[in-house]
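Take a look at the structure below.
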Amino acid sequence: MELTELQDKIFAFVEAAKGKKKLKEKDILKGVSAAEGLEKDEVKKAMRAMIDVGRLMYSYGGGASSVEIPSEEYLREKGLIK
Amino acid sequence: MKKYDTPLLDELEKGPWPSFVTEMKKAGQKNEMANDAVGHLEKCFKTRIGYWKHGGIVGVLGYGGGVIGRYSEIGDEFPGVAHFHTVRLNQPSGFFYTTKALREICDIWDKYGSGLTNMHGSTGDIVLLGTNTAALEPIFAEYSSRGWDLGGSGSDLRTPSCCVGPGRCEWANYDTLDVIYNLTQEYQDELHRPMFAYKFKIKAAGCACDCVASLARADMSIIGTWKGDIQIDQAEVKNYAANGMDINSEIVGMCPTECMSYDGGELKIDNANCKRCMHCITKMTKALQPGAERGATICIGSKAPIVVGSLLSWVVVPFIKLEPPYTELKELIRKIWDWWDDNAKPRERIGEVIEMKGMRSFLEAIGIDPQPQQIKEPRKDPFMFYTDEDIAKFKANEAEEKKTGVYKF
């Protein structure tokens, strides 16, 4: 699977959980690797690349961290959009 | 700059002790954020309300830890603390700094933040208190360009920390500084990218004095110990006695396992019953030294109360040699994380998961044999390793006994 295609799948996975469940990194790795029949490491690398460019982001609440789709405010703060 | 009336905070400046209020006021004379923090704190005391919101999505790009978002709900009244995020910097092992390094930290912090610091936070990091969201990326860029990095926060490996170890202490049974430096380098990913169910803390103490209090607050406590007999210099024992030390009451009588004796001439230790508590060694520094074969005990599971009550660490590996590149230790840590990750619900620390799943399944998963030193408390044996085969055999015997009426005891 091409990297961009895999990243789209990861994004869709996170988007589907939006407002329903706070996803840990491992939830994404387990979920996407099982659904696509891929190694977790491959999914991890693709997901990390998305976080590095701001397509996904880490969030924090109630003492625990999760991975989410960034808000416009976040992207603006990081200079990724104007 | 607005001047706040602070009668309640002023009370905390009275007495002979150092006062954080005095330091905040000093910082407030040249920094608006620190000044507003003083006024804000006075209002919190006066109204008995905490106005802080904690958490959120602040951080630096690519990192999930190192910045803790804090906002005040009365930011209109105190604009300097409307955003007041905490930044954690990874401290050097054993907290050894040059004055140049400390100036560098403070100069950058004065430029972007409140100027207030906490040296150090309970995890061990250098804690920089109070900055706004827009300053986070510049702060990170300035610190990282000078070789500093952010520490851990959230559900990640928290910044590993250690005692001063062999840098300043003769009792270090292994090189705590080197172990922690190595683990920090090895687990950069786990430190900066939260991937666990909750936090995981590693603390390394060179001996059982445990100057980093690892036994009470680290998920993994690495505590220096030794094998073999305590080394005794009887001539120095005589010197202590000659110089007025009451060896029987101060040393022998304080031994928790009563494994020492002193007849006025020779100090004897029943080493088989020594629990390596360090009391005698720390009291008779010239006469007693740890045994020659040195290493560490690894304990797992301590934590403060959140999901369940507070826990102390539990011995898992009674003795491990700790020498570079620490391969055995690193592999063990990864196995521990794998098991924890497979079994933990959100916000469950590893100690809590062991409490729920049992030490037996934990030891099986990480491939460590049960040993007597792992006992948690007297008269409790958590190590019933019955296999399915054992149970089938037991049931077959039981059925046979019922059938024949002949019971074997």
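Every read-out reported here was derived from the displayed coordinates using simple, explicitly stated rules and does not represent laboratory data. This structure is a prediction, so every number in the text was calculated from the model and none was measured. Here Cβ is always computed from backbone atoms with ideal geometry, including for glycine, and neighbour counts include all displayed protein chains.
General observations
- At most 12 other Cβ within 10 Å, DSSP loop - GluC sites (Glu not before Pro), the stretch B:159-220: B:Glu170
- Calculated FRET value between A:Arg48 and B:Leu8, using beta carbons and R₀ = 51 Å, to 0.05: 0.60
- Look at B:Arg146, B:Arg349, B:Arg70 and count the other Cβ atoms within 10 Å of each Cβ; fewest to most, that gives B:Arg146, B:Arg70, B:Arg349.
- In the stretch B:10-113, GluC sites (Glu not before Pro) in a DSSP loop with at most 13 other beta-carbon atoms within 10 Å: B:Glu73
- The ranking of B:Asp246, B:Asp178 by Cβ neighbour count inside 10 Å, starting from the fewest, reads B:Asp246, B:Asp178.
- Residues A:Val53, B:Val21, B:Val179, arranged from fewest to most other Cβ atoms within 10 angstrom of their Cβ, appear as A:Val53, B:Val21, B:Val179.
- Added length on full extension, which subtracts the Cα-Cα distance from 0.36 nm per residue, B:Asn248 to B:Ile375: 42.7 nm
- Note on the protein assembly as shown: Cα Rg divided by 2.2 N^0.38 Å, N the number of residues, gives 1.17.
- Loop-resident sites, the stretch B:198-307, for GluC sites (Glu not before Pro), counting at most 15 other Cβ within 10 Å (DSSP): B:Glu258, B:Glu266
- Shielding of peptide B:196-202 by partners, expressed as the average count of other chain Cβ atoms within 10 Å per residue Cβ, is 2.
- Neighbouring Cβ atoms from other chains, within 10 Å of the Cβ of residues in B:209-215, number 0 on average.
- Note on B:Asn273 and B:Glu323: the extension gain reaches 15.3 nm, defined as 0.36 nm multiplied by sequence separation minus the Cα-Cα distance.
- Pairs of lysine residues in the stretch B:216-347 that meet both criteria, 8 or more places apart or on different chains and Cα atoms under 15 Å apart, total 6.
- A protection proxy built from the mean count of other Cβ atoms within 10 Å ranks the segments B:351-357, B:80-86, most packed first, as B:80-86, B:351-357.
- Cβ-isolated cysteines (cut-off 4.7 Å), chain B: B:Cys44, B:Cys106, B:Cys162, B:Cys169, B:Cys207, B:Cys209, B:Cys255, B:Cys259, B:Cys274, B:Cys277, B:Cys280, B:Cys299
- Partner shielding of B:151-162 amounts to 2, given as the average count of beta-carbon atoms from other chains within 10 Å of each residue beta-carbon.
- Seen from B:Tyr174, the other residues with C-beta closer than 14 Å to its C-beta sum to a net charge of -2, counting Lys and Arg as +1 and Asp and Glu as -1.
- Taking GluC sites (Glu not before Pro) in DSSP loop conformation with at most 13 other Cβ atoms inside 10 Å as exposed sites, chain A has its longest uninterrupted site-free stretch at A:40-82.
- Ellipsoid semi-axes in whole angstrom, largest first, where each is sqrt(5λ) of the Cα gyration tensor of chain B: 45, 32, 21
- In degrees, nearest ten, helix B:388-404 long axis to first principal axis of chain B (Cα): 40
- Nearest-0.05 FRET efficiency for B:Phe96 and B:Lys30, computed from C-beta distance (R0 30 Å): 0.55
- Three-way shape label, the stretch B:231-289, alpha-carbon gyration tensor, a/c 1.5: prolate
- Part-to-part distance (alpha-carbon centres) for the stretch A:55-74 and the stretch B:12-56, which is given in Å: 30
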